[in-house]
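> Quick one: this structure, given as structure tokens, is what I'll be asking you about.
Coordinate-derived values only; no laboratory data. The model shown is predicted, which means the values in this text are computed figures rather than measured ones. Neighbour counts are summed over all protein chains in view; Cβ atoms, including those assigned to glycine, are modelled from backbone coordinates with ideal geometry.
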Ligand code: ADP
């Protein structure tokens, strides 16, 4: 199959979270199964330009103005061709998202990606768009591209996080040149705003999200981030496909970012990783029988950092250690810094984005803590299982689908039921008890390390889904 994959992030070039990892790994897995994938992503300022070949250069005409876009191709490898879309006025900025003209920036991205594919006669059988940034590509295929070969492509849209919706002022409908007929509650209108997420949900022929449990949760008010009504309306075409792990990047037996490598058969290298982790954070060794906890992730309300900040002090006082890596909301960053100042040598906090340290936290912590209030899939709890950092997670979304609690058969982690400080405290207590019983901790840890989270099964699930979507009528 010929697949056009649109995403606003791709690791290692651009990544704010799991989307970047998925965009790197899923197309590679599809390519490995013999399919031809073109991945299009913005050419952000930090992407190195070396080795890129110039392709199509087109001018997109919008009512708000004309934008020149240029496609830069990387040499295809393993069935995957990576194309960076250059539009300097749109993408050469400090960060990927969060600007007043985001509607125009990502409309340019979606339309530019399709226009370049059309220019190159890349007649995809599937256009697979991801998250709100690419949502407009779905109706666009039924409008401007309807009578082109690309208009025949099956339209698939994946929601990586329904909480980020790309909702903009209605004036953008006109500025982007969208027909007003789309701006209705059954279309792209969301409470009088233009919603890019809704454009993807409504105009795709198949919608997926990144875990079966999250796919269920977003039908309900509590999990729907305001869009549960939209989700219920499209329920018939929504499924959950669990993300996998890119084991070329995340394998403790081959990980070059670690001071020592290890495996389930021989986990002895973990001790060196823990020593290096504590040294990097300037922490003392934990008290006997007390763990090193770790966490990595965006510091936002979703991830429950506030719960952890409230639960943690008593464990630090008892001699536990905790390492934290993340960036996000200034108030949460500051709260972590203040807590670290209260517990020198016991709590280490790094505010920043640092891939090597993220790997070391997985390799050196005894437990990885993820008290997310909601979690579409979550990747860190997968990495932590493979790296032997036993996960402690709230039973929600993809965390529920991927971590097995101590009380169940074949456990791989500690799972708690409510996103409260009390429930998290009880979970951390259970974790400490587990560590103090090596006859139990070791098997739980090893079971996680030997789990298969490879992308193959998920890639096959996407292929099956692509095949189920009816092909669109021939271009006329
Ligand atoms: P989300 O997509 O909600 O941010 P995921 O757990 O699905 O959460 O994916 C997060 C990804 O981003 C993981 O690969 C994680 O290691 C990485 N990550 C998040 N914050 C940082 C950071 N500060 N430094 C390095 N990697 C990070």
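> Please report the antiparallel percentage of the DSSP beta bridges confined to segment 236-367, to the nearest 5.
Working: 0 of 12 bridges.
Bridges in segment 236-367 are about 0 percent antiparallel.
> Still on this structure, please answer the following. With an 8 Å cut-off on Cα pairs and a minimum separation of 6 or more residues, tell me the relative contact order of the chain in percent.
About 13 percent, as a whole number.
> Starting from the Cα gyration tensor of the chain, take the square roots of the eigenvalues, sort them a ≥ b ≥ c, and report rounded, prolate or oblate (rounded when a/c is under 1.5, otherwise prolate if a/b is larger than b/c, else oblate). It would help to have the intermediate numbers written out before the result.
On the way: a/c = 1.89, a/b = 1.80, b/c = 1.05.
In terms of gyration-tensor shape, prolate.
> With each pseudo-label sitting 7 Å past Cα toward Cβ, what's the residue 33-residue 271 distance in nm, one decimal?
Placing both labels 7 Å beyond Cα along the Cβ direction yields 4.3 nm.
> How much of the DSSP bridge set in the chain is antiparallel, in percent, rounded to the nearest 5?
Working: 18 of 67 bridges.
Here the share of antiparallel DSSP bridges comes out near 25 percent.
> While we're looking at this one, here's another question. Shape of segment 209-301 from its Cα gyration tensor (a ≥ b ≥ c, root eigenvalues): rounded if a/c is under 1.5, otherwise prolate when a/b > b/c, or oblate? Each step should come with its number before you reach the end.
Values: a/c = 3.62, a/b = 2.15, b/c = 1.68.
Judged from the Cα gyration tensor, segment 209-301 comes out prolate (a/c at least 1.5, a/b above b/c).
> Using a Förster radius of 41 Å, what is the FRET efficiency between residue 247 and residue 54 based on their Cβ-Cβ separation? Nearest 0.05, please. Could the numbers behind the result be given before it?
Numbers: r = 33 Å, r/R0 = 0.81.
Computed FRET efficiency for residue 247 and residue 54 comes out at 0.75.
> I need 434, 194 ordered by Cβ neighbour count within 10 Å, fewest first. If you can, show how the numbers build up before the last one.
Numbers: 434 22, 194 27.
Result, fewest neighbours first: 434, 194.
> Now for a separate question. Please work out the Cα center distance from segment 14-67 to segment 263-306, rounded to the nearest Å.
34 Å
> How much of the DSSP bridge set in segment 69-205 is antiparallel, in percent, rounded to the nearest 5? Write out the running numbers ahead of the final one.
Values: 9 of 14 bridges.
If I count the DSSP bridges inside segment 69-205, around 65 percent turn out antiparallel.
> Taking 0.36 nm per intervening residue step and subtracting the Cα-Cα distance, what contour gain separates residue 301 from residue 16 on full extension? Each step should come with its number before you reach the end.
Values: separation 285, 0.36 × 285 = 102.60 nm, distance 1.57 nm.
Here the segment from residue 301 to residue 16 would lengthen by 101.0 nm.
> Okay, next question. Can you tell me the FRET efficiency between residue 446 and residue 426 if r is taken as the Cβ-Cβ distance and R0 is 22 Å, rounded to the nearest 0.05? Display every interim value, and only then the final one.
Values: r = 25 Å, r/R0 = 1.12.
E(calc), rounded to 0.05, equals 0.35.
> Same structure, new question: Quick one: compute the contact order of segment 290-435, relative version, from alpha carbon pairs under 8 angstrom and 6+ residues apart, as a percent. Could the numbers behind the result be given before it?
Numbers: 279 pairs, mean separation 35.6, N = 146.
Relative contact order here is 24 percent.
> Now for a separate question. Provide 180, 250 in ascending order of the number of other Cβ atoms located within 10 Å of each residue's Cβ, fewest first. Working shown, then result.
Numbers: 180 11, 250 22.
Going from sparsest to densest Cβ surroundings: 180, 250.
> Additional query: Considering the zone a paramagnetic label at residue 74 would reach in this model (a point 7 Å from Cα along the Cα-to-Cβ line), which residues of segment 42-66 have amide N under 15 Å from it?
Label zone hits: 42-54.
> What distance in nm separates the simple spin-label points at residue 418 and residue 180, each placed 7 Å from Cα in the Cβ direction?
My value for the distance between the label points is 5.1 nm.
> Would you calculate, for the chain, the mean residue ellipticity at 222 nm contributed by helices, counting each DSSP H stretch of 4 or more residues as -39,500 (n - 2.57) and dividing by all residues, to the nearest 500? Present the calculation step by step, with values, prior to reporting the outcome.
Working: 18 runs with 169 residues, N = 476.
Taking each H run of at least 4 residues, the total per residue is -10000 deg cm²/dmol.
> Rounded if a/c is under 1.5, else prolate if a/b beats b/c, else oblate: with a ≥ b ≥ c from the C-alpha gyration tensor eigenvalues square-rooted, which is segment 1-149? Write down the numbers at each step before the final one.
Values: a/c = 1.44, a/b = 1.12, b/c = 1.29.
Since a/c stays below 1.5, the shape of segment 1-149 is classed as rounded.
> For the residue pair residue 143 and residue 89, what label-to-label distance in nm results when each label sits 7 Å from Cα along the Cα-to-beta-carbon direction?
1.9 nm
> Turning to a different aspect of this structure: Compute the FRET efficiency between residue 407 and residue 471 as 1/(1 + (r/R0)^6), taking r as their Cβ-Cβ distance and R0 = 35 Å, and round to the nearest 0.05.
Details: r = 48 Å, r/R0 = 1.36.
Here the calculated transfer efficiency is 0.15.
> A further question on this structure: Please compute the length gained on full extension between residue 169 and residue 341, using 0.36 nm multiplied by the number of residues separating them and subtracting their Cα-Cα distance. Walk me through the numbers before you get to the answer.
On the way: separation 172, 0.36 × 172 = 61.92 nm, distance 4.25 nm.
Between residue 169 and residue 341, full extension yields an extra 57.7 nm.
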